[in-house]
Amino acid sequence: MQAMVLVAPGQPLQWLQRPDPLPGPGELRLVVEACAVCRTDLHVVDGELALPKLPVVPGHEIVGIVDCVGPGVDAAWVGRRAGVAWLGHTCGHCAYCASGRENLCDAPVFTGHGRDGGFATHVIAEAAFCLPLTLPADAAHTAPLLCAGLIGWRALKVAGREVKTLGLYGFGAAAHLIAQVAAHEGKTVFAFTRPGDTAAQAFARELGCAWAGASDSPPPEPLDAAIIFAPVGALVPLALQAVRKGGRVVCGGIHMSDIPSFAYRLLWEERQLVSVANLTRADAAEFLSIAARLPLRVETTAYPLREANQALADLRAGRLNGAAVLLP
């Protein structure tokens, strides 16, 4: 197998050849068809997240074909298309797992972080955390659903199903998907981008957003809720200022720069500031069911696997509309 491997944080990924991995008990092996590139991959590569494993192969939005299974795994998996997402293992017995909140497990393992991920030609995954995929879209256009779509869906749920006006701060892979879902639900969606990014603003309007403008601009009307996808702490006070009394601001990323101090009046009047952490398999089942019913426009830019470093650089610089996808 070939893989793009992170040997040390802050260093470019290295193209390495390795022995083909074999699945252990409860595991299966996939031949990777596509792996989308997530901002969390940037946090891994740039050393902004503590890493329990080095070297490590990043990538956690994986679509592949199962070619072999380990002991205890149903052989019916072989030949099927499956997805592998960020949550790769949970303990199953801590208080969070026992209460249906496996996203907060005390001893999780994350794909492309604590175990090798999908920036490779092959990947091993725990069968219980693999997602059967029957969507008609090709692998490249399915891969972004497995994190950008899933975390966007969880953030939308946390924002509140009663929300009518929704602001999305940072219009990247997650926002471009969840904006379509929110608009389909009848919500009025406002998109906030980097100041001057008129291309992203035009893209947001194409996808059904009622308004798109700079992140430091006020929306046309107060928001019921806002979701911050950009890892920029300075957006928190701006979003709080934009939501109406009783509104909620949801931070959808795993890492964010420090939030600057802000006047208490921005939080007062029962505004709420909450975060979303990881996802659950139930979230995945819900969102993939929605994706099967709602034809989503999934905007992608494809890169050969060897060009993973370029894909990461383009994501870091904000040169992408939608999601980057690596193709082995």
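The values are calculated or read from the model by the stated rules, or taken from the named source; none is laboratory data. Computed from a predicted model, the values in this text were never measured in an experiment. When we count neighbours, we look across all protein chains shown, and the Cβ atoms used for this are built from the backbone with ideal geometry, even at glycine. Surface areas here come from the heavy atoms of the whole protein model, side chains and all, with no ligands, DNA or RNA. Shrake-Rupley method; radii C 1.70, N 1.55, O 1.52, S 1.80 Å.
Worth a mention:
- Scanning the range 236-254 for residues that are modelled with pLDDT of 95 or more and closer than 22 Å to Gly47 by Cα turns up Cys251, Gly252.
- Candidate set from the range 123-163 (those that are among the charged types (D, E, K, R) and not in a helix (DSSP H, G or I)); member that is least open to solvent (accessible area, probe 1.4 Å): Glu126
- Against the test of being at negative phi, buried (at least 23 other Cβ atoms within 10 Å of the Cβ) and small (Gly, Ala, Ser), the options Gly114, Gly70, Gly64 yield a single qualifying residue, Gly64.
- Total residues in the range 213-227, condition open to solvent by 10 Å² or more (accessible area, probe 1.4 Å) and among the hydrophobic types (A, V, I, L, M, F, W, C): 1
- Long-range neighbours under 6 Å by Cβ, at least six apart or interchain, first residue on the phi < 0 side of the Ramachandran plot and outside any strand (DSSP E or B) within the range 205-232, second among the aromatic types (Phe, Trp, Tyr) and at pLDDT 95 or above: Ser215/Tyr169; Ser215/Phe192; Pro219/Phe190; Pro220/Trp211; Ala230/Tyr169
- Residue match in the range 262-273 (condition: farther than 17 Å from Thr142 by Cβ, part of a helix (DSSP H, G or I) and aromatic (Phe, Trp, Tyr)): yes
- Residue that is farthest from Val163 (Cα to Cα) [pool: residues in the range 249-275 that are surrounded by 10 or more Cβ atoms within 10 Å (Cβ to Cβ) and small (Gly, Ala, Ser)]: Ser257
- Positions within the range 169-197 being among the hydroxyl-bearing types (Ser, Thr, Tyr) and either at pLDDT below 95 or surrounded by 24 or more Cβ atoms within 10 Å (Cβ to Cβ) (or both), in sequence order: Tyr169, Thr193
To keep it simple, each residue is scored yes or no on (1) assigned to a strand (DSSP E or B); (2) surrounded by fewer than 16 Cβ atoms within 10 Å (Cβ to Cβ); (3) among the aliphatic types (A, V, I, L, M); (4) modelled with pLDDT of 95 or more.
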position: Pro23; (1), (2), (3), (4): no, no, no, yes
position: Cys35; (1), (2), (3), (4): yes, no, no, yes
position: Ala50; (1), (2), (3), (4): no, yes, yes, no
position: Gly79; (1), (2), (3), (4): no, yes, no, yes
position: Ala82; (1), (2), (3), (4): yes, no, yes, yes
position: Gly88; (1), (2), (3), (4): yes, no, no, yes
position: Cys97; (1), (2), (3), (4): no, no, no, yes
position: Asn103; (1), (2), (3), (4): no, no, no, yes
position: Ala107; (1), (2), (3), (4): no, yes, yes, yes
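- Unmet requirement for Gly24, which otherwise passes all of (1) of a type outside the set (Phe, Trp, Tyr); (2) out of contact with any strand residue (DSSP E or B) (no Cβ under 9 Å at 6 or more places or on another chain); (3) more than 30 Å from Gln310 (Cα to Cα): (2)
- The set of residues from the range 301-328 being crowded, with 21+ Cβ neighbours inside 10 Å and touching a helix residue (DSSP H, G or I) at 6+ places or on another chain (Cβ under 7 Å) comprises Leu312, Gly322, Ala323, Ala324, Val325, Leu326.
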